[in-house]
Amino acid sequence: MTANLSKNKFEFACKLSELKPNLAKAIEVSDRFVVLVMLDGGKIFCVEDLCTHDGGTLGDGELDGNCLVCPRHGAKFDVRTGDAICMPATEGTLSHEVRIENDEIFIQLKDN
């Protein structure tokens, strides 16, 4: 079910049909918590479920354009890159590669 690319492997995350446009979906993959987001146009992105400001979760955050807003203190992270966009976060969160096969979403987890 998973495909190997280079030395890292893609792992099953969820069914494509489980995502709703412009809503964050927090999931666990290989003991890691990540957030999947389908932006307008159907492009899917995955970032670590971690606000780098205080270690809180991003999974309950709302989208503001291409940014996921931390529900605790309002830090914004670009879901396309993981970059921190505004204070209080000053460093980005990890962004993971996404692959879609049929109705299944796979992600390639980056190292912390």
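Throughout, read-outs are computed from the coordinates displayed, never taken from laboratory work. The shown structure was predicted, so the numbers you read here are calculated from the model rather than taken from an experiment. Cβ coordinates were reconstructed from backbone atoms using ideal geometry, including for glycine residues, and neighbour counts include every protein chain displayed.
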Note on residue 76: of the conditions (1) under 18 Å from residue 39 (Cβ atoms); (2) surrounded by fewer than 17 Cβ atoms within 10 Å (Cβ to Cβ); (3) of a type in the set (Lys, Arg), unmet is (2)
Considering only strands (runs of 3 or more DSSP E) fully contained in region 1-91, which possess at least 1 residues that are in contact (Cβ under 8 Å) with a residue 12 or more places away in the chain, closer than 23 Å to residue 108 by Cβ and of a type in the set (A, V, I, L, M)? 11-15, 24-29, 32-38, 44-48, 62-64, 67-69, 84-86
Would region 54-62 turn up any residue that is under 11 Å from the mean Cα position of the chain (by Cα) and surrounded by 14 or more Cβ atoms within 10 Å (Cβ to Cβ)? yes
Given the residues 48, 28, 91, which is the only one that is surrounded by 14 or more Cβ atoms within 10 Å (Cβ to Cβ) and among the charged types (D, E, K, R)? 48
